[in-house]
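First up is the structure itself, then whatever we jot down about it.
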Amino acid sequence: MQNSPHKQHIRLLLTAILLFSVGSVFAQRPAPGFADAVLGRWDLTVASPDGNYPSWLEVQLRTEWQLMGRFVGRFGSARHLAAINYDNGSLEFRVPVQYEQNPDDLHFVGALSGDRLEGTTVDSSGKTLAWSAVRAPSLERQNAPQWGESLELWNGRNLEGWRPRSDAQPGCWSVADSLLVATPPCVDLISERSFEDFRLHVEFRYPPGSNSGLYLRGRYEVQIQDDLGKALDPLRIGGVYGFLTPTANAARAANEWQVYDITLLGRRITVELNGRTIIRDRVVPGITGGALDSNEGLPGPLMLQGDHDQISFRQITLTPAQ
């Protein structure tokens, strides 16, 4: 049976509406390359009343017209963005709360200003804070390193060559029985010398359940934690905190001496724990939570995390690259 002219008219009308709707959807999609100006990794600095603090942002394509990304805040680990939008030079993204006291997602708004990003965010007290960001450097090295003379960063007698991160807990780092010991409540301890590329040998010991870390250049934490027998994770011993997962759990039991041998060349890191290579020549994407700053292109100190639990060190030897 032939369709009536009336039915044919309705069918044509519905088809036109469908085609118009589909066309509208595709018309709303940004053109390829719409976000090239913000794709990649960014080193952020947030201006806070109690001092500037670092953060880190990575922007990636999820589809040709949608974005996704990761973020590292003042503390905590890398986390995926809850939402991100970029349109005609303006950037907006939201970050799930981790350890922050904000009642909702962290909210950042900003815009391109030359080769920088600049904008604002709101802290847990409701204050508006300014932030800025520069592109993170690649830190690629073209030549194999030439190693210099090894340095004993701790002299085994006192705290000469080191300073606390703050004056909050005076005397919490001490020397006892030829050991460098952090007794909680405590703060991080920072070497007075800064370094670029190096090999590091560290011997340490912790009681059951303890948590600490080594911050390379004051920016990249290699986790120290009582994790014998636990599953592998970038938040556990041997991991570059929140970024790189070790290939094996080489930890010894608590109260036994553990040994890290770490090589850092640019962003490339190799980690040995107790004589076993657990991260081999991997790229560290960016700073980890608790970093001193986000100036990744500059040398930085070694920082011993002391703001968590008890930790003891008996040898800290660094061999710089020349």
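Which residue is nearest to residue 41 (Cα to Cα), if the candidates are limited to the stretch 113-142 and must be of a type in the set (Ser, Thr, Tyr) and in contact with a strand residue (DSSP E or B) (Cβ under 8 Å, 6 or more places away or on another chain)? Full working, then the answer.
Taking the stretch 113-142 as the starting set, the residues that turn out to be of a type in the set (Ser, Thr, Tyr) are 113, 120-121, 124-125, 128, 132, 138.
Keeping just the survivors that are in contact with a strand residue (DSSP E or B) (Cβ under 8 Å, 6 or more places away or on another chain) gives 120-121, 128, 132.
Working: 120: 18, 121: 19, 128: 24, 132: 13 Å.
Filtering first and then ranking leaves 132.
If the condition is being part of a strand (DSSP E or B) and of a type in the set (A, V, I, L, M), then the stretch 200-236 contributes 200, 202, 214, 216, 222, 224.
Consider the stretch 82-115. How many of its residues are closer than 18 Å to residue 69 by Cα, part of a strand (DSSP E or B) and not aromatic (Phe, Trp, Tyr)? Residues that pass the stated criteria total 15.
Would you check which residues across the stretch 148-162 are surrounded by 14 or more Cβ atoms within 10 Å (Cβ to Cβ) and not in a loop (DSSP other than H, G, I, E, B) and list them? The answer is 151, 162. Only one entry of 4, 90 meets the criterion of being modelled with pLDDT under 95 and either among the hydroxyl-bearing types (Ser, Thr, Tyr) or touching a His at 6+ places or on another chain (Cβ under 9 Å) (or both), and that entry is 4. Return a yes/no flag: does the stretch 256-263 have any residue that is free of Cβ contacts under 8 Å to residues at least 60 places away in the same chain, aliphatic (A, V, I, L, M) and either surrounded by fewer than 20 Cβ atoms within 10 Å (Cβ to Cβ) or outside any strand (DSSP E or B) (or both). Yes, the stretch 256-263 has at least one match. Within the stretch 271-320, being crowded, with 19+ Cβ neighbours inside 10 Å, part of a strand (DSSP E or B) and aliphatic (A, V, I, L, M) holds for 271, 273, 278, 279, 302, 303, 304, 311, 316, 318. Residue check: is residue 174 more than 26 Å from the chain's Cα centre (by Cα) and either in a strand (DSSP E or B) or not assigned by TED's automatic domain parsing to the domain that holds residue 312 (or both)? Criteria met by residue 174.
Residues of the stretch 180-201 that are more than 22 Å from the chain's Cα centre (by Cα), closer than 19 Å to residue 261 by Cα and either among the hydroxyl-bearing types (Ser, Thr, Tyr) or surrounded by 19 or more Cβ atoms within 10 Å (Cβ to Cβ) (or both): 180 alone. Applying the condition of being out of contact with any Asp or Glu (no Cβ under 8 Å at 6 or more places or on another chain) and among the polar types (S, T, N, Q) to the stretch 211-249 and asking which residue is nearest to residue 185 (Cα to Cα) yields 225.
The values are calculated or read from the model by the stated rules, or taken from the named source; none is laboratory data. Remember, it's a predicted structure, so these values are computed and weren't measured experimentally. Neighbour counts are summed over all protein chains in view; Cβ atoms, including those assigned to glycine, are modelled from backbone coordinates with ideal geometry.
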